[in-house]
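To start, the structure under review is shown below, and the notes come after it.
The values are calculated or read from the model by the stated rules, or taken from the named source; none is laboratory data. From a predicted model like this one, the values you see are computed outputs, not experimental measurements. Reconstructed Cβ throughout: ideal geometry from the backbone, glycine too, with neighbour counts over all protein chains shown. Accessible surface is based on the protein model in full, side chains and every heavy atom, while ligands, DNA and RNA are left aside. Shrake-Rupley method; radii C 1.70, N 1.55, O 1.52, S 1.80 Å.
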Amino acid sequence: PDASRTPFFTDVRVRKAMQYATPVDEIIEVLVYGNGQRQMANVSPLKSAYNGNLHEYPFNLDSAAYLLEQAGWVDTDGDNIRDKMINCKKVPFSFGLHYFGNSTLSKETSAMIKEEMYKVGVVVNTIPLDFTILYKKAYEHDFDAMTGVWGGSGGYSDPIQLWGTDAWVNKGSNFVGFGDAESDSLIELCNTKVKKSERDAAQKLLQRKIYDESPYIVLYSRVRPTVIHNRFENQEMYSEKPGLHR
C-alpha cells in the first residue's frame, strides 16, 4: 500500500466489518429493483466454477462494530466516530469513497453505504469523479475505496488481470494490492489446466482466498436475458453485446 495513505483497510477484520456494514440486499432491492444476484467472489454464480460454499455476509451492524473494536477502532472521545492511534497520532475512521460522478446508481449506492456505516462510527466521504480521473487514481493506487463495475462474458475469464501480484506492482488492474505466491499459483493453475474440472477446482480455491481476505465487497451480478440461436455451437464462448443473437 501507499505509505502516504492512512492504512484503514490493512487489517482483514476491518475489511470484513465493511462487508457486514454494507446493505447489499437493500441495494439490490431498492436500486436495481431486485434484478441482481448476490455474488461473493470473482466468478459469476451462473458458472460451474462458482464456489457455492461461500456464504453471504449478512447485513449486521453489531458484527461490524465487534470486528472494528477487535481491530482497535473505538470511539475514545464520544463524537460517534471511531478512532485509533496510528504512528503516535489519533486518526478518525473517516475515509474517501470515489464513485462515477455521472452515474445515478453509483451515487445512490455510495449514499446508502455512507448512511449505514455512520451508524457504526465510520465516516464515508463520498467523492464523485469523472470516469477518466477515477480510473487514473485507481491505477495509481491513489484512493481509500472506490465503487466500480467489472464486466465479463459467458466464457472463461483469466483472473490474472485483476488478481495477479504483477498487476499491482506494475500498476495494472489489481488496484487493491491483493495476492501472494499462493494466489499466483492458483491463477497459473486456472490458466494451464486442461481438464475443465481441474480448472474449476483451482478457480474455487482462488475464490475462497479472495473471500477470506475480502479485498473487495462484491455486491451483485446484474441479471438479464440473453437470446442465442441454437444453430451456434459452444454457446459459452460468445460476445454478450448487445445481448441478442439471431
Which value in nm describes the separation of the simple spin-label points at residue 33 and residue 221, placed 7 Å from the Cα toward the beta carbon? 2.2 nm
With the label point 7 Å along the Cα-to-beta-carbon line of residue 139 and a cut-off under 14 Å to each amide N, the hits in region 173-193 are 173-175
If every alpha-carbon in region 133-196 counts as one equal scatterer, what log10 I(q)/I(0) does Debye give at q = 0.12, 0.26 1/Å? -0.35, -1.14
Could you work out how far helix 196-213 tilts from the main Cα principal axis of the chain, as a 0 to 90 degree angle to the nearest 10? 10 degrees
Expected field for residue 175, accessible surface area in Å² at 1.4 Å probe radius, rounded to 10, holds 10 Å²
Take the chain, connect every pair of alpha-carbon atoms lying under 10 Å apart with a spring to form a Gaussian network, then pick out the residue of 19, 203, 161 with the largest mean-square fluctuation. 161
Return the long-range amide H neighbours of residue 125 (sequence gap of 5 or more, or a different chain), with a cut-off of under 5 Å between placed amide H atoms. 95, 96, 97
Quick check: pseudo-label points 7 Å beyond the Cα along Cα→Cβ at residue 5 and residue 132, how many nm apart are they? 2.2 nm
For the chain, the longest principal axis of the Cα atoms and the Cα long axis of helix 104-118 enclose an angle in degrees, to the nearest 10, of 40 degrees
Calculated from backbone phi, Karplus (6.51, -1.76, 1.60) coupling profile of region 175-191 in Hz, x at Gly/Pro: 5, 9, x, 6, x, 7, 4, 5, 5, 5, 5, 5, 4, 4, 5, 4, 8
Quick one: plug the Kirkwood hydrodynamic radius of region 1-88 (C-alpha pairs) into Stokes-Einstein at 37 °C, 0.692 mPa s, and report D in µm²/s. 213 µm²/s
Alpha-carbon centroid distance for the pair region 49-72 / region 91-114, whole angstrom: 20 Å
Using only alpha carbon pairs under 8 Å that are at least six residues apart, calculate the relative contact order of region 10-88 and give it in whole percent. 35 percent
Per GNM of the chain with C-alpha springs under 10 angstrom, the most fluctuating residue out of 122, 24, 194 is 194
Would you mind estimating how fast region 5-148 diffuses translationally, via Stokes-Einstein at 10 °C and 1.306 mPa s with the Kirkwood radius over Cα pairs, in µm²/s? 96 µm²/s
Explain nothing, just compute: Karplus ³J(HN,Hα) = 6.51 cos²θ - 1.76 cosθ + 1.60, θ = phi - 60°, for every residue of region 64-70 in order, whole Hz, x for Gly and Pro. 4, 4, 4, 5, 5, 5, 4
Can you give the accessible area of residue 173, probe radius 1.4 Å, in Å² rounded to 10? 10 Å²
Tell me the Rg and the Dmax, in Å, that the Cα atoms of the chain produce. 19.2, 68
When the convex hull of its Cα atoms is projected in every direction, mean area for region 88-205 (nm²): 10.0 nm²
So in the chain, what percent of DSSP beta bridges are antiparallel if you round to the nearest 5? 45 percent
Just to confirm a number: summing +1 for Lys and Arg and -1 for Asp and Glu over residues other than residue 82 whose beta-carbon lies under 14 angstrom from that of residue 82, what do you get? -2
Of the listed pairs 89/204; 16/89; 107/209; 137/196, which have alpha-carbon separations greater than 32 Å here? 89/204; 137/196
State, to one decimal in nm², a quarter of the convex hull surface area for the C-alpha atoms of region 86-128, i.e. the direction-averaged projected area. 3.2 nm²
Ranking by accessible area, most exposed first, for 47, 193, 119 with a 1.4 Å probe: 119, 193, 47
HN-Hα couplings for region 153-167 via Karplus (6.51, -1.76, 1.60; θ = phi - 60°), in whole Hz with x for Gly/Pro, come out as 9, x, x, 6, 10, 5, x, 5, 4, 9, 10, x, 5, 4, 6
